[in-house]
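Structure, as structure tokens:
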Amino acid sequence: MAAIAAAAGTPCYIYDAGAIRAAYMTLDRAFDAYPHAIHYALKANSSLAVVRLLQSLGSHADANSLGEVDVAMRCGFRPDQIVFTGVGKSAAEIDRAVSLGLLAINVESPGELDRIDQRAVAQNVKTRVALRVNPDIDAKSHPHISTGLKSNKFGVPIGEAPALFREMSSRRGLLPVGAHVHIGSQITTLDPLQKAAQAVVALAQALRGEGIALQHLDMGGGLGISYDGAPVVDPAEYVRALVAATKGSHLKVAIEPGRVLVGPAGVLLTKVVDVKQFPGAKRFVVVDAGMTELMRPALYNAYHRIEPLVRREAPESIVDIVGPICESTDAYARDRAFPHVEVDDLLVVYDVGAYGAAMGHTYLRRPLPPEVMIDGDQWKVIRRRQTLDELLALETE
Ligand SMILES: Cc1ncc(COP(=O)(O)O)c(C=O)c1O
């Protein structure tokens, strides 16, 4: 990693292709022979090399914007391998999604149902749709990443679903092919995921009784990873639970994992730029990465394991590890016991492959950092560092 830091500079994201492959194979194998599709959720990390790697493994795609739909297609996914979710799809997005013939547009509301139908009729096609249901199940995750409670903005209450499926079936432009549920992210217990799966299976069975035959049940993403060593759901066990819930219906299971596929495969390499402590005050380790490169700590108070790349022979102390951004929320760790470090030491921030680079931004005119992919004993830069000229390229004055 020191060689990568020397060549690519810091801050810098590094992904391990082998870890992504292994995580994908674990999920895929756990389905055994049961009909399924793993739709990688591009929102977790849509860097082209990462998406292409997952495509090469046989993954399908889950896009949360038209930009992600296009990225998926550039990376080799066929439109009929892509599901498109989004709580506020614009008219332009709907129009293009309809024209592409995606596997399913996940419908979020009666109004959206109507708008998709209108666009499909105007284009003289029948568009495959799934209905995103909100089962009012507490994912017991961070409130900012819970999506399956009735207080959340996502989907339609599951009790309204039968009527909306009837409505979809009656529309000239719509072909209802699936039910979709996604109750949140970083879910660390099986129970809410299992309950959500059971709820959509029950819905599908009831619809079948009415003559509405779905083709797939999209159980969403959400499986958590262990950022701090605490126990989480075993991915294979999760898949087996989904299959157990679904097999009576014989319907194909789709899942939309993001974090579990790429989260543990990424680290952020950052350099100490200052260490300061005044009498009676905290000790601050200031690093060259901040909330611009990795938003999760500032956004969700998220924990990430951090270690010096090379440990010095010196006692630990309690420190705040903070970024260089002029915001007090710009801290990667607070009051953490940490080995002694000095200016220019390299630190490794773990488990940042998901919602790291993808959420990066350029506040304070900080160019986006490079990304590197390691594969075995080879590595290559998959995105070089943005230049200030590139950052300013859109401005006209
Ligand atoms: C609709 C949808 N599907 C899939 C995902 C992926 O979730 P995760 O990365 O937790 O697996 C998300 C993220 O929250 C999402 O909003």
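The values are calculated or read from the model by the stated rules, or taken from the named source; none is laboratory data. Computed from a predicted structure; not experimentally measured. As a convention, Cβ positions derive from the backbone with ideal geometry for all residues, glycine included, and neighbour counts pool all protein chains shown. For accessibility, only protein heavy atoms count, side chains too; no ligands or nucleic acids. Shrake-Rupley method; radii C 1.70, N 1.55, O 1.52, S 1.80 Å.
Take the residues in region 334-355 that are touching a residue at least 60 places away in the same chain (Cβ under 8 Å) and in a strand (DSSP E or B), then tell me which one is farthest from Lys43 (Cα to Cα).
Just the residues of region 334-355 that are touching a residue at least 60 places away in the same chain (Cβ under 8 Å), to begin with: 341-355.
Right, trim to in a strand (DSSP E or B) and you get 346-349.
Values: Leu346: 28, Leu347: 26, Val348: 23, Val349: 20 Å.
Restricting to residues being touching a residue at least 60 places away in the same chain (Cβ under 8 Å) and in a strand (DSSP E or B), the top hit is Leu346.
The single condition among (1) open to solvent by 40 Å² or more (accessible area, probe 1.4 Å); (2) of a type in the set (Asp, Glu); (3) more than 29 Å from Arg296 (Cβ to Cβ) that Asp138 does not satisfy is (3).
Restricted to region 214-231, and to residues that are in a loop (DSSP other than H, G, I, E, B) and within 8 Å of the ligand (Cβ to nearest atom), which residue is farthest from Val260 (Cα to Cα)? The extreme case among them is Gly220.
Starting from residues that are small (Gly, Ala, Ser) and open to solvent by less than 50 Å² (accessible area, probe 1.4 Å), keep the ones in region 26-46 and report whichever is farthest from the ligand (Cβ to nearest atom). Reasoning before the result, please.
Within region 26-46, the subset small (Gly, Ala, Ser) is 30, 33, 37, 41, 44, 46.
Remaining after also requiring open to solvent by less than 50 Å² (accessible area, probe 1.4 Å): 30, 37, 41, 44, 46.
Working: Ala30: 15, Ala37: 13, Ala41: 4, Ala44: 5, Ser46: 12 Å.
Ranking the candidates gives Ala30 first.
Of the numbered criteria (1) surrounded by fewer than 16 Cβ atoms within 10 Å (Cβ to Cβ); (2) within 16 Å of the ligand (Cβ to nearest atom), the one Arg296 fails is (1).
Asn152 meets the conditions (1) more than 20 Å from Ala354 (Cβ to Cβ); (2) at pLDDT 95 or above; (3) of a type outside the set (Phe, Trp, Tyr); (4) touching a strand residue (DSSP E or B) at 6+ places or on another chain (Cβ under 7 Å) in every case but one. The failed one is (2). Sub-7 Å Cβ pairs linking a first residue in region 125-148 that is at pLDDT below 95 to a second residue that is basic (Lys, Arg) and not in a strand (DSSP E or B), at least 6 apart or interchain, are Asn134/Lys150; Asp136/Lys150; Ile137/Lys195, ordered by first then second residue. Taking the conditions (1) modelled with pLDDT under 95; (2) crowded, with 19+ Cβ neighbours inside 10 Å in turn, Cys75 satisfies each one other than (1).
Report, by residue number, each residue of region 97-112 that is surrounded by fewer than 23 Cβ atoms within 10 Å (Cβ to Cβ), more than 14 Å from the ligand (Cβ to nearest atom) and of a type outside the set (S, T, N, Q).
Residues of region 97-112 that are surrounded by fewer than 23 Cβ atoms within 10 Å (Cβ to Cβ), as a first pass: 99-101, 108-112.
Next cut, more than 14 Å from the ligand (Cβ to nearest atom) only: 99-101, 109-112.
Those that are surrounded by fewer than 23 Cβ atoms within 10 Å (Cβ to Cβ), more than 14 Å from the ligand (Cβ to nearest atom) and of a type outside the set (S, T, N, Q): Leu100, Gly101, Pro110, Gly111, Glu112.
State the number of residues belonging to region 363-397 that are part of a loop (DSSP other than H, G, I, E, B) and open to solvent by 50 Å² or more (accessible area, probe 1.4 Å). Outline the logic, then answer.
From region 363-397, those part of a loop (DSSP other than H, G, I, E, B) are 366-370, 376-377, 384-387, 393-397; that's our starting set.
Filter again for open to solvent by 50 Å² or more (accessible area, probe 1.4 Å), leaving 376-377, 384-385, 387, 393-397.
Looking only at that region, the number is 10.
Scanning region 163-213 for residues that are of a type outside the set (A, V, I, L, M, F, W, C), away from the ligand (no atom under 14 Å from the Cβ) and under 30 Å from Gln123 (Cβ atoms) returns Arg166, Glu167, Ser169, Ser170, Arg171, Arg172, Gly173, Pro176, Arg208, Glu210, Gly211. Figure legend. Inter-residue proximity from region 176-203: first residues of a type in the set (Lys, Arg), second residues away from the ligand (no atom under 13 Å from the Cβ) and in a loop (DSSP other than H, G, I, E, B), beta-carbon distance below 6 Å, spacing 6+ or different chains. Indicated pairs: Lys195/Ile137.
Filter region 55-96 down to the residues that are within 12 Å of the ligand (Cβ to nearest atom) and aromatic (Phe, Trp, Tyr) and list them by number.
Phe84 - this is the single residue of region 55-96 that is within 12 Å of the ligand (Cβ to nearest atom) and aromatic (Phe, Trp, Tyr).
Filter region 232-266 for residues that are open to solvent by less than 30 Å² (accessible area, probe 1.4 Å), within 16 Å of the ligand (Cβ to nearest atom) and part of a helix (DSSP H, G or I) and give the result.
Kept after step one, since they are open to solvent by less than 30 Å² (accessible area, probe 1.4 Å), are these residues of region 232-266: 233, 236, 238-239, 241-243, 245-246, 249, 251, 253-263, 265-266.
In the following step, the residues that additionally are within 16 Å of the ligand (Cβ to nearest atom) were identified as 233, 236, 238-239, 241-242, 253-263, 265-266.
Ala236, Tyr238, Val239, Ala241, Leu242, Arg259, Val260, Leu261, Val262, Gly263, Ala265, listed by residue number.
If you go through region 172-220 and keep only what is closer than 28 Å to Pro231 by Cβ and open to solvent by 20 Å² or more (accessible area, probe 1.4 Å), you end up with His182, Gln186, Thr188, Thr189, Leu190, Asp191, Gln194, Lys195, Gln198, Ala199. With the structure loaded, tell me whether Ala358 is open to solvent by 40 Å² or more (accessible area, probe 1.4 Å), closer than 15 Å to Val262 by Cα and either part of a loop (DSSP other than H, G, I, E, B) or touching a Ser or Thr at 6+ places or on another chain (Cβ under 7 Å) (or both) or whether it fails that test. So Ala358 passes the test. Filter region 267-292 down to residues that are open to solvent by 60 Å² or more (accessible area, probe 1.4 Å), among the charged types (D, E, K, R) and out of contact with any helix residue (DSSP H, G or I) (no Cβ under 8 Å at 6 or more places or on another chain), then give me how many there are. Qualifying residue count for the region: 3.
Just one residue in the set Ala61, Ala120 is of a type outside the set (Asp, Glu), within 20 Å of Gly220 (Cβ to Cβ), open to solvent by less than 20 Å² (accessible area, probe 1.4 Å) and not in a loop (DSSP other than H, G, I, E, B); that residue is Ala61.
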